[in-house]
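Quick notes on the structure that follows.
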Amino acid sequence: MEFCKNLFDELNIIRKNPKKYADKLMEYKKYFKGKELKLPNTDAIIETEEGFSAFEEAYKFLKTIKPLPELIASKGLGRIANDFLKQISHCEPDRIDDIDLTSIIKKYGSYTGNFSNAMDFGSSTPELVAINLLVSDGDSSRDNRKFLVSPDLLKIGIASGKHDNYESITIIVSCTEFNNIVDSDDNENFSNITKLETKSNPPVNQEDENEPEDDIDEIINDPNILSWEKKERYCTLRGKKKLKIIYQLKYKDGKTKKEVRYVDI
């Protein structure tokens, strides 16, 4: 899959020259307005928890890192990542620990060193996946950042596809060495990875059961309101994926007002 191959290349760029990649993070400063990140070349707006300060911290961190060994793509780990993704694509993040990853690993081989994984929800390009994991906004442990620059991370598998609620998901699994019991050659050229297609999340309408329980009905039914429009987008707020609903209200006296609601997804 081209997405997985491009992400693999992006991760190796980080590892080969972390100090140079740090400069890329600083370029995102111009896309911030407060804690809102307006992604370049899209209409997407991400509500971050820490704002640009998390990017600055990641920048300073990468400036201290020496070049790391390049990653090696593994067919076996790629299959593990794909099987893992098929199950995650239908569940909420807090149910991921219920998935029997050990059984998935045993289907394809065995490993040495630590077996680790990182996952991204909602990023639309390989660069955004890499940057989201590096920045680790809202995660004080910065575990995903540590994962990407671990010297023990040598072999990896990548899978990317759609998620029922979060539009997209990317899984990266890694270990030091992997013994592939399915293929005689474990080197991955990404030709066997296919993008997982799952049902897309239907748009939320006014009557949707996930509509926030607040005063919005009272507001939009105000007799002084001439008209209103509703827009929706996915975002991250305080480290959690949410649906951001924006109501643009136009009053009879010519005034306008914006009301914003967030729905857990």
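The values are calculated or read from the model by the stated rules, or taken from the named source; none is laboratory data. Quick caveat, the model's predicted, so the values are computed rather than measured. Note: ideal-geometry Cβ built from the backbone for every residue, glycine included; neighbour counts use all protein chains shown.
I'd like to check something: does region 193-206 contain any residue that is of a type outside the set (D, E), at pLDDT 55 or above, outside any loop (DSSP other than H, G, I, E, B) and outside the structural domain of I72 (by TED's automatic domain parsing)?
Scanning region 193-206, I find no residue that is of a type outside the set (D, E), at pLDDT 55 or above, outside any loop (DSSP other than H, G, I, E, B) and outside the structural domain of I72 (by TED's automatic domain parsing), so the answer is no.
Report the residue count in region 68-112 for those that are touching a residue at least 60 places away in the same chain (Cβ under 8 Å), buried (at least 16 other Cβ atoms within 10 Å of the Cβ) and more than 23 Å from E167 (Cα to Cα).
Looking only at that region, the number is 11.
Could you figure out which of (1) among the small types (G, A, S); (2) modelled with pLDDT under 75; (3) exposed (fewer than 12 other Cβ atoms within 10 Å of the Cβ) isn't true of G254?
All conditions pass for G254, except number (2).
Results for (1) among the aromatic types (F, W, Y); (2) farther than 16 Å from V135 by Cα; (3) surrounded by fewer than 18 Cβ atoms within 10 Å (Cβ to Cβ), shown as yes or no for each residue.
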| site | (1), (2), (3) |
| --- | --- |
| C4 | no, yes, no |
| I14 | no, no, no |
| G34 | no, yes, yes |
| T42 | no, yes, yes |
| F55 | yes, no, no |
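Give me the residue from region 32-63 that is in a loop (DSSP other than H, G, I, E, B) and touching an Asp or Glu at 6+ places or on another chain (Cβ under 7 Å) and, out of that set, farthest from L11 (Cα to Cα).
Looking only at region 32-63, we keep the residues that are in a loop (DSSP other than H, G, I, E, B), and these are 34-35, 39-44, 48-51, 63.
Keeping just the survivors that are touching an Asp or Glu at 6+ places or on another chain (Cβ under 7 Å) gives 35, 48-50.
Numbers: K35: 26, T48: 23, E49: 24, E50: 23 Å.
Taking the candidates together, the pick is K35.
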